[in-house]
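The values are calculated or read from the model by the stated rules, or taken from the named source; none is laboratory data. Here the structure is a predicted model, which is why all the values come from computation and not from measurement. Note: ideal-geometry Cβ built from the backbone for every residue, glycine included; neighbour counts use all protein chains shown. Keep in mind that these areas ignore ligands, DNA and RNA; they rest on the heavy atoms of the full protein, side chains included. Shrake-Rupley method; radii C 1.70, N 1.55, O 1.52, S 1.80 Å.
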Amino acid sequence: MTQTVIITGASDGIGAEMARQLAQQQGAQVALVLAARNETLLNQVADECRTQGSQVLVVRTDVSDEAQCRALIERSVAQFGRIDALINNAGVSAQALFSDVKAQDLGWYENLMRINLWGSVWCTHAALPHLKATRGQIVAVSSLAGLVGVPGRTAYSATKFAMTGFFEALRTELRASGVSVTTAYPGVVATQIR
Ligand SMILES: NC(=O)c1ccc[n+]([C@@H]2O[C@H](COP(=O)([O-])OP(=O)(O)OC[C@H]3O[C@@H](n4cnc5c(N)ncnc54)[C@H](OP(=O)(O)O)[C@@H]3O)[C@@H](O)[C@H]2O)c1
């Protein structure tokens, strides 16, 4: 049976590479839903995946907007009828010493939280009934910065620690449902994130 996998942040970096590798390994056995803001890049990744025999749906999504997260899940189910895995990978980085940040600039701390934490929470909440139906998988891409706080990373680490706590607690809540929750803590990966 074809498995449906949603990947957020699939236009570039780790998310795009996960899409390519899933298509390469599973071909026609996987239906991929690729989400991010840059539709041109998403379509390039989609074309590469289709050459491996995978079905692909591209959904332009800004995960910092709850309605767009919910629409992503609705469109995925409308197209493929099921969700087997949700990979919450979309994320942005930031670097600054907290004492150098001006009061009027603190808003970007909030924006980072909306993308890295809330985007994952909204997508997961919308997908959960469908994942329960398939006893599916949730993946959260946190970071080593979600385990250790280092200088210059107050904003980024706060979002990734929040992801760590949210998904750890969710894993225990979902144990009996058969839905698994996996958190990844990458170190430094060569992408455009910096
Ligand atoms: N690279 C590393 O060293 C490293 C280390 C630890 C953890 N991570 C984590 O790994 C994940 C992927 O990072 P990466 O290194 O692959 O970064 P990347 O190459 O910059 O890719 C980030 C992806 O997230 C998407 N994205 C950013 N803001 C978005 C938004 N508001 N809505 C939807 N999608 C959004 C981007 O697409 P659009 O711009 O098209 O929206 C892009 O597809 C992130 O969560 C990051 O925190 C990376």
For region 165-194, give me the residue count where each residue is buried (at least 20 other Cβ atoms within 10 Å of the Cβ) and within 12 Å of the ligand (Cβ to nearest atom). 1
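Looking at region 52-63, which of its residues are in contact with a Phe, Trp or Tyr (Cβ under 9 Å, 6 or more places away or on another chain) and within 8 Å of the ligand (Cβ to nearest atom)? Working first, answer last.
Initially, region 52-63 is screened for residues in contact with a Phe, Trp or Tyr (Cβ under 9 Å, 6 or more places away or on another chain), giving 55, 57, 63.
If the condition is that a residue be in contact with a Phe, Trp or Tyr (Cβ under 9 Å, 6 or more places away or on another chain) and within 8 Å of the ligand (Cβ to nearest atom), then 63 is the only one that fits.
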Just to be sure I understand, how many residues within region 16-45 are within 13 Å of the ligand (Cβ to nearest atom), in contact with a Leu (Cβ under 8 Å, 6 or more places away or on another chain) and assigned to a helix (DSSP H, G or I)? 4
Of the residues in region 1-26, those that are closer than 11 Å to residue 55 by Cα, open to solvent by less than 10 Å² (accessible area, probe 1.4 Å) and either out of contact with any Phe, Trp or Tyr (no Cβ under 8 Å at 6 or more places or on another chain) or free of Cβ contacts under 8 Å to residues at least 12 places away in the same chain (or both) come to 23
When you go through (1) open to solvent by less than 70 Å² (accessible area, probe 1.4 Å); (2) part of a helix (DSSP H, G or I); (3) of a type outside the set (Val, Ile, Thr); (4) within 13 Å of the ligand (Cβ to nearest atom) one by one for residue 49, which number turns out not to apply? (4)
Scan region 56-110 residue by residue and report those that are in a helix (DSSP H, G or I), closer than 18 Å to residue 140 by Cα and among the small types (Gly, Ala, Ser). none
